[in-house]
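Participant: So that we are looking at the same thing, I have put the structure below in C-alpha coordinates.
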Amino acid sequence: MKVTGFSFICNAVKNDYPIVEAITSVLPICDEFIVAVGDSEDETLSLIENINSPKIKIIHTVWDHSIREGGRTFAIETDKAYAAISKDTDWAIYIQGDECIHEKYLPVIQKAMEENLNIPQVEGLLLKYLHFYGSYDYTASSRRWYRNEIRVLKFSHGVQSYRDAQGFRKNGQKIKVKPIDAYVYHYGWVKPPAGLGNKVRNFNKFYHDESWIQERLPDTYEFDYGNADRLVKFTETHPQVMQKRIEAGNWQFSNDPTALKNKMTLRRRLLQKLEDLTGWRLGEYKNYKLL
(Lines give C-alpha, C1' and ligand atoms only; values in the text may rest on other atoms or scores of the structure.)
Protein backbone atom coordinates (compact mmCIF):
# COMPACT_ATOMS: atom_id res chain seq x y z
CA MET A 1 0.00 0.00 0.00
CA LYS A 2 1.51 3.30 -1.11
CA VAL A 3 0.50 6.50 0.64
CA THR A 4 1.24 10.01 -0.63
CA GLY A 5 0.67 13.24 1.24
CA PHE A 6 -0.01 16.50 -0.56
CA SER A 7 -0.41 20.16 0.26
CA PHE A 8 0.05 23.68 -1.10
CA ILE A 9 1.53 26.80 0.48
CA CYS A 10 2.54 30.38 -0.27
CA ASN A 11 3.94 33.08 2.04
CA ALA A 12 3.95 30.79 5.07
CA VAL A 13 6.32 33.05 7.03
CA LYS A 14 4.46 36.25 6.22
CA ASN A 15 1.12 34.73 7.23
CA ASP A 16 2.49 32.62 10.11
CA TYR A 17 1.31 29.23 8.84
CA PRO A 18 2.66 26.13 10.63
CA ILE A 19 3.27 24.38 7.31
CA VAL A 20 6.36 22.50 8.53
CA GLU A 21 4.39 21.12 11.46
CA ALA A 22 1.49 20.25 9.14
CA ILE A 23 3.67 18.23 6.80
CA THR A 24 5.70 16.50 9.48
CA SER A 25 2.55 15.54 11.41
CA VAL A 26 1.55 13.07 8.66
CA LEU A 27 4.95 12.33 7.12
CA PRO A 28 5.51 9.13 9.19
CA ILE A 29 2.66 7.32 7.39
CA CYS A 30 3.50 8.69 3.92
CA ASP A 31 5.82 7.14 1.36
CA GLU A 32 6.11 10.46 -0.44
CA PHE A 33 4.81 13.98 0.07
CA ILE A 34 4.05 16.54 -2.66
CA VAL A 35 4.22 20.23 -1.75
CA ALA A 36 3.10 22.86 -4.26
CA VAL A 37 5.10 25.93 -3.22
CA GLY A 38 3.78 29.17 -4.66
CA ASP A 39 5.88 32.16 -5.71
CA SER A 40 6.33 33.55 -2.20
CA GLU A 41 7.62 36.88 -0.93
CA ASP A 42 9.36 35.25 2.04
CA GLU A 43 11.40 32.17 2.99
CA THR A 44 8.62 29.62 2.45
CA LEU A 45 10.68 27.55 0.00
CA SER A 46 13.56 27.33 2.48
CA LEU A 47 11.17 26.18 5.19
CA ILE A 48 10.07 23.24 3.08
CA GLU A 49 13.58 22.41 1.88
CA ASN A 50 14.87 22.41 5.46
CA ILE A 51 12.49 19.60 6.44
CA ASN A 52 15.19 17.60 4.67
CA SER A 53 13.23 14.44 4.02
CA PRO A 54 13.74 12.23 0.95
CA LYS A 55 9.98 11.71 0.91
CA ILE A 56 9.30 15.32 -0.02
CA LYS A 57 8.89 16.44 -3.61
CA ILE A 58 8.54 20.17 -4.23
CA ILE A 59 6.76 21.57 -7.26
CA HIS A 60 6.99 25.29 -7.97
CA THR A 61 3.80 27.11 -8.86
CA VAL A 62 2.66 30.63 -9.71
CA TRP A 63 -0.53 31.85 -8.08
CA ASP A 64 -3.08 33.73 -10.16
CA HIS A 65 -4.03 36.56 -7.80
CA SER A 66 -6.63 37.89 -10.23
CA ILE A 67 -9.02 35.03 -9.45
CA ARG A 68 -11.57 36.00 -6.80
CA GLU A 69 -14.26 33.40 -7.34
CA GLY A 70 -14.92 32.20 -3.82
CA GLY A 71 -11.33 31.29 -3.02
CA ARG A 72 -10.95 29.17 -6.16
CA THR A 73 -7.18 29.86 -6.17
CA PHE A 74 -6.80 27.48 -3.20
CA ALA A 75 -8.53 24.68 -5.12
CA ILE A 76 -6.38 25.29 -8.19
CA GLU A 77 -3.19 25.03 -6.14
CA THR A 78 -4.47 21.90 -4.39
CA ASP A 79 -5.16 20.32 -7.79
CA LYS A 80 -1.60 21.11 -8.93
CA ALA A 81 -0.21 19.16 -5.97
CA TYR A 82 -2.63 16.28 -6.53
CA ALA A 83 -1.66 16.05 -10.21
CA ALA A 84 2.00 15.53 -9.23
CA ILE A 85 1.27 12.46 -7.08
CA SER A 86 2.93 9.25 -8.29
CA LYS A 87 0.46 7.18 -10.30
CA ASP A 88 1.13 4.02 -8.28
CA THR A 89 -0.25 5.68 -5.14
CA ASP A 90 -3.13 3.93 -3.36
CA TRP A 91 -4.14 6.58 -0.83
CA ALA A 92 -3.59 10.35 -0.78
CA ILE A 93 -3.54 12.31 2.49
CA TYR A 94 -4.34 16.01 2.23
CA ILE A 95 -3.20 18.50 4.86
CA GLN A 96 -3.48 22.28 4.69
CA GLY A 97 -0.88 24.70 6.00
CA ASP A 98 -2.74 25.47 9.23
CA GLU A 99 -3.70 21.87 10.10
CA CYS A 100 -2.00 19.04 11.99
CA ILE A 101 -2.86 15.49 12.92
CA HIS A 102 -1.94 14.24 16.38
CA GLU A 103 0.45 11.30 16.33
CA LYS A 104 -2.06 9.22 18.32
CA TYR A 105 -4.37 9.21 15.29
CA LEU A 106 -1.80 8.04 12.74
CA PRO A 107 -2.30 4.32 13.56
CA VAL A 108 -6.08 4.85 13.31
CA ILE A 109 -5.74 6.38 9.84
CA GLN A 110 -3.26 3.75 8.68
CA LYS A 111 -5.49 0.91 9.87
CA ALA A 112 -8.53 2.41 8.13
CA MET A 113 -6.57 2.72 4.87
CA GLU A 114 -5.48 -0.92 5.09
CA GLU A 115 -8.98 -2.18 5.91
CA ASN A 116 -10.67 -0.23 3.13
CA LEU A 117 -8.00 -0.52 0.43
CA ASN A 118 -9.88 -3.21 -1.49
CA ILE A 119 -13.41 -1.99 -0.83
CA PRO A 120 -14.33 -0.12 -4.05
CA GLN A 121 -17.28 1.79 -2.63
CA VAL A 122 -15.06 3.51 -0.06
CA GLU A 123 -13.55 6.45 -1.95
CA GLY A 124 -12.31 8.42 1.02
CA LEU A 125 -12.07 8.70 4.81
CA LEU A 126 -13.88 11.39 6.77
CA LEU A 127 -12.02 12.98 9.68
CA LYS A 128 -13.36 15.02 12.57
CA TYR A 129 -12.18 18.56 13.39
CA LEU A 130 -11.00 20.60 16.35
CA HIS A 131 -10.89 24.32 15.56
CA PHE A 132 -8.50 26.08 17.93
CA TYR A 133 -9.43 29.70 18.48
CA GLY A 134 -7.64 32.70 19.95
CA SER A 135 -5.02 30.56 21.66
CA TYR A 136 -4.00 26.92 21.85
CA ASP A 137 -6.10 26.58 25.01
CA TYR A 138 -9.57 26.87 23.47
CA THR A 139 -11.55 25.31 20.63
CA ALA A 140 -14.50 26.92 18.88
CA SER A 141 -17.44 24.55 19.08
CA SER A 142 -20.69 25.69 17.50
CA ARG A 143 -22.77 25.48 14.33
CA ARG A 144 -20.48 28.03 12.69
CA TRP A 145 -17.62 25.53 12.53
CA TYR A 146 -17.59 22.49 10.27
CA ARG A 147 -17.32 19.20 12.14
CA ASN A 148 -15.97 16.87 9.44
CA GLU A 149 -14.12 16.90 6.14
CA ILE A 150 -12.38 14.56 3.71
CA ARG A 151 -8.66 14.43 4.28
CA VAL A 152 -7.82 10.93 3.01
CA LEU A 153 -8.68 9.84 -0.55
CA LYS A 154 -8.35 6.79 -2.73
CA PHE A 155 -6.01 8.08 -5.40
CA SER A 156 -7.78 8.02 -8.77
CA HIS A 157 -8.42 10.01 -11.91
CA GLY A 158 -11.24 12.51 -11.75
CA VAL A 159 -10.66 13.80 -8.19
CA GLN A 160 -10.62 17.58 -7.91
CA SER A 161 -10.54 20.08 -5.09
CA TYR A 162 -13.94 21.69 -4.54
CA ARG A 163 -14.74 25.40 -4.27
CA ASP A 164 -12.10 26.94 -1.94
CA ALA A 165 -10.30 23.65 -1.20
CA GLN A 166 -12.26 22.64 1.87
CA GLY A 167 -13.22 19.31 0.29
CA PHE A 168 -13.16 17.22 -2.88
CA ARG A 169 -15.38 15.88 -5.67
CA LYS A 170 -14.84 12.97 -8.07
CA ASN A 171 -16.03 13.52 -11.63
CA GLY A 172 -18.19 16.30 -10.25
CA GLN A 173 -19.93 14.01 -7.74
CA LYS A 174 -19.72 13.86 -3.96
CA ILE A 175 -17.15 11.34 -2.73
CA LYS A 176 -18.36 8.29 -0.80
CA VAL A 177 -16.61 8.23 2.56
CA LYS A 178 -16.26 6.20 5.70
CA PRO A 179 -16.05 8.17 8.97
CA ILE A 180 -13.13 7.32 11.25
CA ASP A 181 -12.33 8.27 14.82
CA ALA A 182 -9.46 10.64 14.06
CA TYR A 183 -9.22 14.40 14.33
CA VAL A 184 -7.62 17.19 12.35
CA TYR A 185 -6.32 19.98 14.60
CA HIS A 186 -7.04 23.27 12.84
CA TYR A 187 -4.84 26.16 14.02
CA GLY A 188 -5.82 28.86 11.52
CA TRP A 189 -7.50 31.04 14.15
CA VAL A 190 -4.72 30.85 16.74
CA LYS A 191 -3.19 34.31 16.59
CA PRO A 192 -3.28 37.56 18.60
CA PRO A 193 -5.70 40.27 17.34
CA ALA A 194 -3.18 41.98 15.05
CA GLY A 195 -2.16 38.66 13.52
CA LEU A 196 -5.74 37.59 12.91
CA GLY A 197 -6.53 40.99 11.44
CA ASN A 198 -3.70 40.48 8.95
CA LYS A 199 -4.91 36.94 8.21
CA VAL A 200 -8.48 38.08 7.53
CA ARG A 201 -7.31 40.87 5.21
CA ASN A 202 -4.95 38.60 3.23
CA PHE A 203 -7.45 35.74 3.10
CA ASN A 204 -10.26 37.93 1.76
CA LYS A 205 -8.07 39.07 -1.14
CA PHE A 206 -8.84 35.68 -2.71
CA TYR A 207 -12.58 36.37 -2.45
CA HIS A 208 -13.03 40.13 -2.96
CA ASP A 209 -11.50 43.05 -4.88
CA GLU A 210 -9.33 45.75 -3.35
CA SER A 211 -12.17 48.26 -2.93
CA TRP A 212 -14.14 45.72 -0.86
CA ILE A 213 -11.06 45.09 1.30
CA GLN A 214 -10.39 48.77 1.92
CA GLU A 215 -14.01 49.50 2.75
CA ARG A 216 -14.58 46.63 5.18
CA LEU A 217 -11.06 45.72 6.31
CA PRO A 218 -8.94 48.90 6.33
CA ASP A 219 -5.31 48.94 7.42
CA THR A 220 -6.47 49.86 10.94
CA TYR A 221 -8.73 46.78 11.18
CA GLU A 222 -8.22 44.66 14.29
CA PHE A 223 -9.93 41.31 14.82
CA ASP A 224 -12.36 41.25 17.77
CA TYR A 225 -12.83 37.49 18.27
CA GLY A 226 -16.57 37.87 17.79
CA ASN A 227 -17.35 34.96 15.49
CA ALA A 228 -16.73 31.92 17.69
CA ASP A 229 -20.17 31.68 19.34
CA ARG A 230 -18.87 29.21 21.88
CA LEU A 231 -15.43 28.29 23.22
CA VAL A 232 -14.47 25.08 25.00
CA LYS A 233 -11.38 24.75 27.17
CA PHE A 234 -8.92 22.28 25.64
CA THR A 235 -7.46 19.97 28.28
CA GLU A 236 -5.72 17.31 26.20
CA THR A 237 -2.33 17.35 24.48
CA HIS A 238 -1.34 18.91 21.19
CA PRO A 239 0.65 17.06 18.51
CA GLN A 240 4.32 16.72 19.39
CA VAL A 241 5.30 18.59 16.23
CA MET A 242 3.46 21.67 17.57
CA GLN A 243 5.12 21.80 21.00
CA LYS A 244 7.95 24.24 20.15
CA ARG A 245 5.58 26.61 18.37
CA ILE A 246 3.14 26.52 21.29
CA GLU A 247 5.86 27.12 23.90
CA ALA A 248 7.22 30.04 21.89
CA GLY A 249 3.97 31.82 21.18
CA ASN A 250 1.00 30.83 23.34
CA TRP A 251 -0.08 34.27 24.56
CA GLN A 252 -2.65 34.90 27.28
CA PHE A 253 -6.10 34.82 25.72
CA SER A 254 -8.25 37.24 27.71
CA ASN A 255 -11.67 36.87 26.06
CA ASP A 256 -14.47 35.53 28.21
CA PRO A 257 -15.95 32.36 26.64
CA THR A 258 -19.28 33.06 28.38
CA ALA A 259 -19.47 36.53 26.84
CA LEU A 260 -18.90 35.09 23.37
CA LYS A 261 -21.65 32.55 23.90
CA ASN A 262 -24.04 35.30 24.96
CA LYS A 263 -23.61 36.95 21.53
CA MET A 264 -25.44 34.06 19.89
CA THR A 265 -28.91 34.83 18.56
CA LEU A 266 -31.90 33.05 20.09
CA ARG A 267 -32.27 30.93 16.96
CA ARG A 268 -28.62 29.81 17.06
CA ARG A 269 -28.86 29.07 20.79
CA LEU A 270 -31.93 26.87 20.25
CA LEU A 271 -30.34 25.02 17.31
CA GLN A 272 -27.14 24.56 19.31
CA LYS A 273 -29.14 23.13 22.22
CA LEU A 274 -30.77 20.66 19.83
CA GLU A 275 -27.37 19.57 18.58
CA ASP A 276 -25.95 19.23 22.08
CA LEU A 277 -28.86 17.01 23.14
CA THR A 278 -29.14 14.83 20.04
CA GLY A 279 -25.88 15.17 18.07
CA TRP A 280 -27.98 16.22 15.07
CA ARG A 281 -27.00 19.46 13.31
CA LEU A 282 -30.05 20.73 11.42
CA GLY A 283 -29.15 21.87 7.90
CA GLU A 284 -25.51 20.78 8.17
CA TYR A 285 -23.56 21.16 4.91
CA LYS A 286 -22.00 17.86 3.85
CA ASN A 287 -19.71 17.82 0.85
CA TYR A 288 -19.59 14.01 0.85
CA LYS A 289 -21.76 10.88 0.94
CA LEU A 290 -21.59 8.84 4.11
CA LEU A 291 -21.36 5.06 3.78
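Participant: Only one residue in ALA228, ALA194, ALA165 is more than 25 Å from GLN272 (Cα to Cα), in a loop (DSSP other than H, G, I, E, B) and among the hydrophobic types (A, V, I, L, M, F, W, C). Which one? Don't jump to the end; show me each part of the working.
Facilitator: On the way: ALA228 fails: more than 25 Å from GLN272 (Cα to Cα); ALA194 fails: in a loop (DSSP other than H, G, I, E, B).
From the options ALA228, ALA194, ALA165, the qualifying one is ALA165.
Participant: Related question: If I filter the range 113-124 for residues that are closer than 20 Å to ASP16 by Cα, surrounded by fewer than 16 Cβ atoms within 10 Å (Cβ to Cβ) and over 20 Å from the mean Cα position of the chain (by Cα), do I get at least one hit?
Facilitator: Scanning the range 113-124 turns up no residue that is closer than 20 Å to ASP16 by Cα, surrounded by fewer than 16 Cβ atoms within 10 Å (Cβ to Cβ) and over 20 Å from the mean Cα position of the chain (by Cα).
Participant: Please find, among GLU210, GLU236, GLU149, GLU215, the residue that is closer than 23 Å to ALA22 by Cβ, out of contact with any Gly (no Cβ under 9 Å at 6 or more places or on another chain) and charged (D, E, K, R).
Facilitator: From the options GLU210, GLU236, GLU149, GLU215, the qualifying one is GLU236.
Participant: Could you name every one of the strands (runs of 3 or more DSSP E) located completely within the range 18-105 that has at least 2 residues being surrounded by 23 or more Cβ atoms within 10 Å (Cβ to Cβ) and under 16 Å from the mean Cα position of the chain (by Cα)?
Facilitator: The strands (runs of 3 or more DSSP E) meeting that bar are 32-38, 91-94.
Participant: Kindly provide the set of residues from the range 222-244 that are surrounded by fewer than 14 Cβ atoms within 10 Å (Cβ to Cβ), more than 26 Å from LYS104 (Cα to Cα) and not acidic (Asp, Glu), ordered by number.
Facilitator: Within the range 222-244, GLY226 is the sole residue that qualifies.
Participant: Working only within the range 188-201, note down all residues that are in contact (Cβ under 8 Å) with a residue 40 or more places away in the chain and under 24 Å from ARG68 (Cα atoms).
Facilitator: Those that are in contact (Cβ under 8 Å) with a residue 40 or more places away in the chain and under 24 Å from ARG68 (Cα atoms): GLY188, TRP189, GLY195, ASN198, LYS199.
Participant: Can you run down the residue pairs with Cβ atoms below 7 Å, 6 or more apart or on separate chains, where the first is in the range 84-112 and closer than 20 Å to GLU236 by Cβ and the partner is modelled with pLDDT under 95?
Facilitator: ASP98/TYR17; ASP98/GLY188
Participant: Also: Checking LYS170 against (1) surrounded by 14 or more Cβ atoms within 10 Å (Cβ to Cβ); (2) over 25 Å from TYR94 (Cβ atoms); (3) more than 19 Å from the chain's Cα centre (by Cα), which test does it fail?
Facilitator: Only one criterion is unmet by LYS170, namely (2).
Participant: Quick check, is VAL3 touching a Cys at 6+ places or on another chain (Cβ under 6 Å), of a type outside the set (Phe, Trp, Tyr), in contact (Cβ under 8 Å) with a residue 60 or more places away in the chain and surrounded by fewer than 23 Cβ atoms within 10 Å (Cβ to Cβ)?
Facilitator: For VAL3, the condition - touching a Cys at 6+ places or on another chain (Cβ under 6 Å), of a type outside the set (Phe, Trp, Tyr), in contact (Cβ under 8 Å) with a residue 60 or more places away in the chain and surrounded by fewer than 23 Cβ atoms within 10 Å (Cβ to Cβ) - is met.
Participant: Suppose the filter is of a type in the set (A, V, I, L, M), within 27 Å of PHE206 (Cβ to Cβ) and touching a helix residue (DSSP H, G or I) at 6+ places or on another chain (Cβ under 7 Å); does ILE19 pass it?
Facilitator: Numbers: of a type in the set (A, V, I, L, M): yes; within 27 Å of PHE206 (Cβ to Cβ): yes; touching a helix residue (DSSP H, G or I) at 6+ places or on another chain (Cβ under 7 Å): yes.
Considered against the rule, which asks whether it is of a type in the set (A, V, I, L, M), within 27 Å of PHE206 (Cβ to Cβ) and touching a helix residue (DSSP H, G or I) at 6+ places or on another chain (Cβ under 7 Å), ILE19 comes out as yes.
Participant: For residues in the range 173-184 being of a type outside the set (D, E, K, R) and in contact (Cβ under 8 Å) with a residue 24 or more places away in the chain, which is surrounded by the most Cβ atoms within 10 Å (Cβ to Cβ)? Lay out the reasoning, then the answer.
Facilitator: The initial filter retains those residues of the range 173-184 that are of a type outside the set (D, E, K, R), namely 173, 175, 177, 179-180, 182-184.
Now restrict to residues that are in contact (Cβ under 8 Å) with a residue 24 or more places away in the chain: 175, 177, 179-180, 182-184.
Values: ILE175: 22, VAL177: 27, PRO179: 14, ILE180: 20, ALA182: 21, TYR183: 18, VAL184: 24.
Going through the qualifying residues, I end up with VAL177.
Participant: Looking at the range 271-288, which of its residues are among the acidic types (Asp, Glu) and more than 25 Å from PHE168 (Cβ to Cβ)? If you could, list the steps in order and put the result at the bottom.
Facilitator: Step one: list which residues in the range 271-288 are among the acidic types (Asp, Glu), which gives 275-276, 284.
Scanning the range 271-288 gives GLU275, ASP276.
Participant: Select from the range 263-278 the residues that are of a type in the set (Ser, Thr, Tyr) and part of a helix (DSSP H, G or I) and list them in ascending order.
Facilitator: Correct list: THR278 only.
Participant: When you scan the range 209-225, how many residues do you find that are in a loop (DSSP other than H, G, I, E, B) and over 20 Å from GLY188 (Cβ atoms)?
Facilitator: Adding up the residues that qualify gives 4.
Participant: Under 7 Å between Cβ atoms, which residue pairs at least 6 apart in sequence (or on different chains) link something in the range 255-273 that is modelled with pLDDT of 85 or more with a partner that is of a type in the set (Ser, Thr, Tyr)?
Facilitator: Close Cβ pairs satisfying both conditions: GLN272/SER142.
The values are calculated or read from the model by the stated rules, or taken from the named source; none is laboratory data. Worth saying up front: this structure is predicted, and the values here are computed from it rather than measured. Glycine also receives a Cβ, built like all others from the backbone with ideal geometry; neighbour counts cover every protein chain displayed.
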